[in-house]
Amino acid sequence: KHAFPDSREGKISIHITVNNDEITCEYEDNGIGFPHDFDFKSNKSIGLLLVKELLEKQLMGEVRCPKKSQGVYFHMKFDTKMYRPRV
C-alpha cells in the first residue's frame, strides 16, 4: 500500500537469520521509499511506532532504518535470552 502505490509492481525481500540466541530480520523493498527529510526515530506513524516499540521495549532489541536511494531497508535484531514472555 505505501511502498507500491497505485498498484505498482515491486519486490519485497525478508531475510531471517538465527545465530545461537540472536535473531536478525532484514526487510527490504524497491518501492518509493521515504521522503528525503524522513526521520525514522522521531516518526509518529502508528505502523512504525509499533515496530519500534515491539523491538526496543518489548524484545529489548534494536531496529535501524538506514537511508537508501530507492526503497526501504529495515534491520531488526534481538536476543532471545532477553525476551521472557509473561505467564
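Derivation of every value follows stated rules applied to the coordinates shown; laboratory data play no part. Just so we're clear, the structure is a prediction, and the values are computed from it rather than from any experiment. Methodologically, a virtual Cβ is constructed for each residue, glycine included, from the backbone with ideal geometry; neighbour enumeration extends over all protein chains shown.
Some values worked out for this structure:
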quantity	calculated
Entry for Rg and Dmax of the Cα atoms in Å (calculated from the structure that is shown) out of (i) 17.3, 49; (ii) 14.4, 44; (iii) 13.0, 38	(ii)
Charge context of F4, other residues only, Cβ under 14 angstrom, K/R +1, D/E -1	-1
222 nm mean residue ellipticity, helices alone, for the chain (DSSP H n ≥ 4; -39,500 (n - 2.57); rounded to 500)	-2000 deg cm²/dmol
FRET efficiency, 1/(1 + (r/R0)^6) with R0 41 Å, evaluated for E62 and S7 via beta carbons	0.75
Contour minus Cα-Cα distance for E53 and F40 (0.36 nm per residue)	3.4 nm
Only Lys, Arg (+1) and Asp, Glu (-1) charged, at Cβ; the chain dipole about Cα centre in debye	240 debye
Partners for K52 among aspartates and glutamates (Cα-Cα distance below 17 Å; same-chain residues under 8 apart left out)	E26, E28, D39, E62, D79
Shape call, region 17-57: gyration tensor on alpha carbons, a/c limit 1.5	oblate
Listed peptides 55-61, 2-8 by packing density, highest first (mean Cβ within 10 Å)	55-61, 2-8
